[in-house]
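The values are calculated or read from the model by the stated rules, or taken from the named source; none is laboratory data. Predicted, not measured: the structure shown is a model, and the values here were computed from it. Cβ sites come from the backbone with ideal geometry, for glycine too, and all protein chains shown count toward neighbours. We work out accessible area using only protein heavy atoms, side chains counted, and drop any ligands, DNA or RNA first. Shrake-Rupley method; radii C 1.70, N 1.55, O 1.52, S 1.80 Å.
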Amino acid sequence: LLGSLGALASTIGGVMYMHSFTGGGTLLSLGLGMILYTMFVWWRDVIRESTYEGHHTFVVQLGLRYGMILFIVSEVMFFLAFFWGFFHSSLAPTVEIGAIRPPKGIDVLNPWGIPFLNTLILLSSGA
């Protein structure tokens, strides 16, 4: 409950801060503090339960492992759907946009300029 209220407060505070409303920065800071406190208490309890109290039995460890596997699978499915939609609209453009890709009037970026540099930085950061 505290974490969700912190997320709400930080979202509303961030919007207020970006639009220069009074108290936006304070609400944003309060919301981020609530989120950080929730994260600290949650992880503290998980470490305490597993290390000192021994509550992480084989079944709990299996559930945590399955949860992480399902999270990774959901991320893979998200990117698969995103790129599927991108390549489908790129390789088979609809009649509504003139059946050409890119549509008329849209100037595209040179892929060997900034996008290539960003790709190199991203790939080298993984190494």
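On the given criteria, is Pro93 more than 21 Å from Gly3 (Cβ to Cβ), open to solvent by less than 100 Å² (accessible area, probe 1.4 Å), not assigned by the TED database to the domain that holds Leu2 and not in a helix (DSSP H, G or I)? The answer is yes for Pro93.
Go through Leu27, Leu5, Leu62 for me and flag whichever is open to solvent by less than 100 Å² (accessible area, probe 1.4 Å) and within 20 Å of the chain's Cα centre (by Cα).
Working: Leu27 fails: within 20 Å of the chain's Cα centre (by Cα); Leu62 fails: within 20 Å of the chain's Cα centre (by Cα).
Answer to the check: Leu5.
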